[in-house]
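This report concerns only the one structure given below.
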Amino acid sequence: MASLFVKEGTAAGMEFRLAGPRVSIGRAADNDVQLDDRTVSRYHAVMTERRDGWHINDLGSHNRIVVNGAPVLAGKLVHNDEIQLGSVVLAFCVEGAAPAERPAPERPGASAEITQTIRLSDLQGSGPAGPLGQTLQDDHRLRLLLTLTELAVSVRSLQALFDSVVQVLRRTLSVDRVIPVLEEGQALRPFLESRHDFGDSLEALGVSLSVVNRCRREGLAGVWRNAGPSPNVACVPIRVGSKDLGLIYCDRADPTAEFTNRDLTYLLAVAIQTGAAIENVRSMDRLSRRARSLSRQLAQRYDMVGRSEPMQALYEFIRKAAPTDAGILVCGESGTGKEMVARAIHQHSRRSEGPLEIVSCAAIPTGLLESELFGHVRGAFTGAVADRPGRFELADGGTLFLDEVVEMPLECQTKLLRALEEGNVRRVGDTRDRAVDVRLIAATNRDPAEALAQGRLRQDLFYRLDRLRCVLPPLRDRLGDVELLAGHFLEQINSSTGHSVEGFAPGVLELFKAYDWPGNVRELKNVVERMVLLADGPVLGLDHVPEELRAAPGAGAGDAVAPLDEMERKHILSALQAAGGNKKRAAEMLGIDRSTLYAKLKRYGLGA
């Protein structure tokens, strides 16, 4: 019988017995192993029992599966394997099984001898009398360590953090080199003091890979004394809980300048503070990205209104397309609500808890669009004073909406195609790729076939974008929704402006339905907003309708539409009749003041 034991995170201490042949794991309540943690996807992983044992497979989760510190999509499990799903750590156990054998530790090399070690597990509960407590009695080092402690809660970038770490260790350890190293997946990124950024490889820097691998694999802080001209090395892992974040590598070129146990414990204390700071920086980055996305979604929430047949077809498309991860091309005239459709698809997708980034390709200068999408590194061009992530990275785990994609320069289209096919982006001026997990929704108000014929859209990119296509109907093709939309916008504008307009006077909605709305839904909303802002009563009358709309021919309604003056004259007569000849009441019903009514009565020869 196999089981999963929760070591860290939600439900810590619980044990789940695995009853084969298939066990699902995730946040949703219908999973066999439910982990109610926001970092765990609704359906994160599935375990299957086969003839050769238990296997685990990723179900397209946001935070993926990490087994024994290495990300995996699928693999076989053995007794004592450690499985991390988001912030939850599980131990896989098989009754009666012996601990699984691990590869023997790599020897640091014939020319190096390890002289000092500290296992991180030995520090737990050591207190003031332990090795860390003794090291902190050194006032000079303590003061600088306290500086790092303060920095850990205030620093906002990894570059600034490692700049400070390098400076502190140079002042306190008298080392020739300090190389902080970050772990990203299975890759290692060394921080270069000379450039104040991350770059190059450990091999190019002459770092001992055997030392690095042993520190990582065993959670071992150690000092290596080398024979001959090789430098003496001190290396400590940066770890928070069971999570490996990287390591700090220091060396001294002088073979007589050996590191002491006191140096090693101090370096380990610095690494502990550095780990806390790294987690803080990354947490702040995740929170700021999430807050940024939420603020945009709240500021521009999607409101889809309509009961017409074209809208019913649109709702059905969203229902079917949203749960997939397929790319979508949204076509339609300006003002039909392409961004609203993208928001609806995102909020009904499995990525709804992730960010939604919106980019208007037509609104960003050509020279800046590549940096906006893919980011840049410091010094990539004039004005690039710091590393900056692009919208692809900001949308990682969520959705990226590219509006007016046909307006994107062809060179940028080539890089967009590469990012979609490979799942990687490269910042402007950078030398390495960064993995991103993004669903793309693109939109255009142009005919895609025409854009292809004109050479404005790459054919291979078009086929990549056009996996699912959605064509939005113009408002003139769903005039039955005009009254519903106008009432919706009136309520919305009343709420945002503090007005209390009750509705539309007779004839206004008929006029709206007779108009062909070349600006579509956006134009209708602007007209209602203008009428509300200029209103001087509880009802919006014909006098409040913009002049250009009143002067427009009755497009879309044919010759049966009466001239506007005749419509207005009839509505005034109807209001007078309904008010029993009371002009004050009739003016209130029409949404105009009495002086305006008297002027119209005179104009139409209806008497005063």
Number of the exception - R550 against (1) within 30 Å of R478 (Cβ to Cβ); (2) at pLDDT below 75; (3) in contact with a helix residue (DSSP H, G or I) (Cβ under 8 Å, 6 or more places away or on another chain): (2)
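N424: touching a Ser or Thr at 6+ places or on another chain (Cβ under 7 Å) and either within 28 Å of P190 (Cβ to Cβ) or open to solvent by 50 Å² or more (accessible area, probe 1.4 Å) (or both), yes or no?
Considered against the rule, which asks whether it is touching a Ser or Thr at 6+ places or on another chain (Cβ under 7 Å) and either within 28 Å of P190 (Cβ to Cβ) or open to solvent by 50 Å² or more (accessible area, probe 1.4 Å) (or both), N424 comes out as no.
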Which listed residue, of E333, E357, E353, E372, is in a helix (DSSP H, G or I) and either at pLDDT below 95 or open to solvent by less than 60 Å² (accessible area, probe 1.4 Å) (or both): E372
Residues being touching a residue at least 40 places away in the same chain (Cβ under 8 Å) and either open to solvent by less than 10 Å² (accessible area, probe 1.4 Å) or of a type in the set (D, E, K, R) (or both) - total across the stretch 217-233: 10
Residues satisfying the stated conditions in the stretch 234-268, i.e. among the aliphatic types (A, V, I, L, M), open to solvent by less than 10 Å² (accessible area, probe 1.4 Å) and within 14 Å of L173 (Cβ to Cβ): A234, V236, I248, L264, L267, L268
Members of the stretch 218-255 that are of a type outside the set (D, E, K, R), part of a loop (DSSP other than H, G, I, E, B) and in contact with a strand residue (DSSP E or B) (Cβ under 9 Å, 6 or more places away or on another chain): G219, A227, S230, P231, G241, S242, A253, P255
Residues of the stretch 493-510 satisfying the condition of being part of a helix (DSSP H, G or I), of a type outside the set (A, V, I, L, M, F, W, C) and surrounded by 16 or more Cβ atoms within 10 Å (Cβ to Cβ): E510
Cβ pairs under 7 Å, 6+ apart, first in the stretch 311-330 and at negative phi, second among the basic types (K, R) and open to solvent by 60 Å² or more (accessible area, probe 1.4 Å): P323/R350; A326/R467; G327/R464; G327/R467; L329/R469
Set D285, D325, D263: member being over 30 Å from F489 (Cβ atoms), modelled with pLDDT of 85 or more, under 22 Å from the mean Cα position of the chain (by Cα) and charged (D, E, K, R): D325
Condition broken by M531, with the remaining ones in (1) over 30 Å from L597 (Cβ atoms); (2) open to solvent by less than 80 Å² (accessible area, probe 1.4 Å); (3) part of a helix (DSSP H, G or I); (4) not polar (S, T, N, Q) satisfied: (1)
Boolean, G275 is closer than 17 Å to L145 by Cα and either open to solvent by less than 10 Å² (accessible area, probe 1.4 Å) or within 35 Å of the chain's Cα centre (by Cα) (or both): yes
Yes/no for E333 being more than 20 Å from the chain's Cα centre (by Cα), at positive phi and not small (G, A, S): no
Set L356, L329: member being in contact with a Gly (Cβ under 7 Å, 6 or more places away or on another chain) and within 26 Å of G306 (Cα to Cα): L356
Some residue of the stretch 577-590 being open to solvent by less than 70 Å² (accessible area, probe 1.4 Å), at pLDDT 80 or above, more than 46 Å from the chain's Cα centre (by Cα) and among the charged types (D, E, K, R): yes
Residue in the stretch 148-176 that is modelled with the highest pLDDT, counting only those that are open to solvent by 70 Å² or more (accessible area, probe 1.4 Å) and of a type outside the set (A, V, I, L, M): D176
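Which ones in the stretch 55-96 are of a type outside the set (S, T, N, Q), closer than 24 Å to T324 by Cα, open to solvent by 10 Å² or more (accessible area, probe 1.4 Å) and without any contact (Cβ under 8 Å) to a residue 60 or more places away in the chain?
D58, L59, R64, V72, L73, A74
How many of the residues in the stretch 7-27 are in a loop (DSSP other than H, G, I, E, B) and surrounded by 15 or more Cβ atoms within 10 Å (Cβ to Cβ)? First the steps, then the outcome.
Narrowing the stretch 7-27 to residues in a loop (DSSP other than H, G, I, E, B): 9-14, 19-21, 27.
Keeping just the survivors that are surrounded by 15 or more Cβ atoms within 10 Å (Cβ to Cβ) gives 9-11, 27.
Qualifying residue count for the region: 4.
The values are calculated or read from the model by the stated rules, or taken from the named source; none is laboratory data. Here the structure is a predicted model, which means the values were calculated and not measured. For neighbour counting, all protein chains shown are included, and Cβ atoms are generated from backbone atoms with ideal geometry for every residue, glycine included. Each accessible area value is taken on the protein alone, full model and side chains, heavy atoms only, with ligands, DNA and RNA left out. Shrake-Rupley method; radii C 1.70, N 1.55, O 1.52, S 1.80 Å.
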